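The values are calculated or read from the model by the stated rules, or taken from the named source; none is laboratory data. Treat the numbers as computed from the prediction; the structure is a model and nothing was measured. Cβ atoms come from the backbone with ideal geometry, glycine included; neighbour counts cover every protein chain shown. These accessible areas exclude ligands, DNA and RNA; they are computed on the full protein's heavy atoms, side chains included. Shrake-Rupley method; radii C 1.70, N 1.55, O 1.52, S 1.80 Å.
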Amino acid sequence: MNKERLFSALNRKTQFHFLENRTLTVWVHYLQLLLTIGLLMLLLLCACSQTAIHHQKFTSSQESTLANFRIVKHQMGETKLPISPKRVVVLDGASTEALLALGVKPVGAPLKFLNYPLSQKQQAGIEDIGARTPNLEKILALKPDLILGLSDNQEMYGLLSHIAPTVLINYSYSTWKEMFWSVAQALGQTTVAKQWMSQYYNRISEFKASMGKRLALTHISVLRIAGYTVFIKGSFFGNILNDIGLLNSVSQNLDALTSRRSIFTNGYIYVLSPELLKEVKLV
């Protein structure tokens, strides 16, 4: 009887220890699960925080980058340009002259293709990139942040735009003011352009006032002796004379003469022979 009681007591003790160990194991697993969940939540919060910070930095960086550029429309479409280009390469004489008038000195230009040669001081720091066909190797070496030219360079646009943002402007001699404004927009120098054009029209107003009634009676012709070239209404000079209000009578005379004689004209000039000069009333 004592053995049975002893065996029963030992059995109950064993069952108690088993239940105690099992309960402890369950609690350990439960605590491990809580720790794992807590760790995962902590990692998730850190990841979200880092993502938010990264997104904020990326957004700020992106906004900062976009703020340093602007979109300019031109002959070939739209191009993203720096707010203030620092290293400009110009492909033609007209754009070079407009650039210099706006107070911007190019790093490269066709120095031998300008209507008015620059002084040695003006040429200092400007690389001659060649006339007619620009030297692409020289342009690449100059590391420009803007390439500026006229629509004549459309065939090279693909190559040029791989070197730097490229803007090509439509131009004719009679639209020099529109070209000047387009150059100013590409450079971010529209304020300076407005000042120049304001001076231009002020000088015209002063000239008209000083001429008075004589203005309507004054006839002017513009000729280039070399080649016997006469500039007409569609030319740069003709456009200025029209703004002033001076009559370019030679255009009317040549228009009438062309109906009787074969004379070369491209809408800007007439090219005459010495014999034809005798038939032209210049003033």
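Just need a number here: residues in the range 152-163 that are closer than 12 Å to ASP92 by Cβ and open to solvent by 90 Å² or more (accessible area, probe 1.4 Å).
Total meeting the criteria: 1.
When only residues in the range 229-246 that are of a type in the set (Val, Ile, Thr) and crowded, with 19+ Cβ neighbours inside 10 Å count, which is nearest to PHE207 (Cα to Cα)? Walk me through it before giving the result.
Filtering the range 229-246 down to residues of a type in the set (Val, Ile, Thr) leaves 229-230, 232, 240, 244.
Retained after the next criterion (residues that are crowded, with 19+ Cβ neighbours inside 10 Å): 230, 232.
On the way: VAL230: 24, ILE232: 21 Å.
Ranking the candidates gives ILE232 first.
Starting from residues that are open to solvent by less than 30 Å² (accessible area, probe 1.4 Å) and over 17 Å from GLY93 (Cα atoms), keep the ones in the range 107-151 and report whichever is farthest from the chain's Cα centre (by Cα).
The residue in question is LEU142.
Residue under question is LEU246, and the condition is that it be touching a residue at least 24 places away in the same chain (Cβ under 8 Å) and out of contact with any Gly (no Cβ under 8 Å at 6 or more places or on another chain); does it hold?
Working: touching a residue at least 24 places away in the same chain (Cβ under 8 Å): yes; out of contact with any Gly (no Cβ under 8 Å at 6 or more places or on another chain): yes.
Yes; evaluated as a whole, the condition is true for this residue.
Going by the conditions given, is LYS86 modelled with pLDDT of 85 or more, within 20 Å of ALA164 (Cβ to Cβ), open to solvent by 90 Å² or more (accessible area, probe 1.4 Å) and assigned to a loop (DSSP other than H, G, I, E, B)?
So LYS86 passes the test.
Tally the residues that are of a type in the set (S, T, N, Q) and either in contact with a Ser or Thr (Cβ under 6 Å, 6 or more places away or on another chain) or farther than 17 Å from GLY103 by Cβ (or both), restricting the search to the range 136-193.
Within the range 136-193, the first condition is being of a type in the set (S, T, N, Q), and the residues that meet it are 151, 153-154, 161, 166, 170, 172, 174-175, 182, 185, 189-191.
If we keep only those that are either in contact with a Ser or Thr (Cβ under 6 Å, 6 or more places away or on another chain) or farther than 17 Å from GLY103 by Cβ (or both) too, we end up with 151, 153-154, 161, 166, 170, 172, 174-175.
Here the count works out to 9.
Look through SER249, SER221 and report the one residue that is modelled with pLDDT under 90, buried (at least 17 other Cβ atoms within 10 Å of the Cβ) and more than 36 Å from the chain's Cα centre (by Cα).
Criteria check complete, one pass: SER221.
Report, by residue number, each residue of the range 89-106 that is outside any helix (DSSP H, G or I) and open to solvent by 30 Å² or more (accessible area, probe 1.4 Å).
Across the range 89-106, the qualifying residues are GLY103, LYS105.
Does LEU223 satisfy the criteria of being assigned to a helix (DSSP H, G or I) and over 23 Å from LYS105 (Cβ atoms)?
So LEU223 does not fit the description; no.
For the structure I just gave you, tell me whether GLN199 is closer than 30 Å to LEU81 by Cα and more than 17 Å from the chain's Cα centre (by Cα).
Judged against the criteria, GLN199 is a match.
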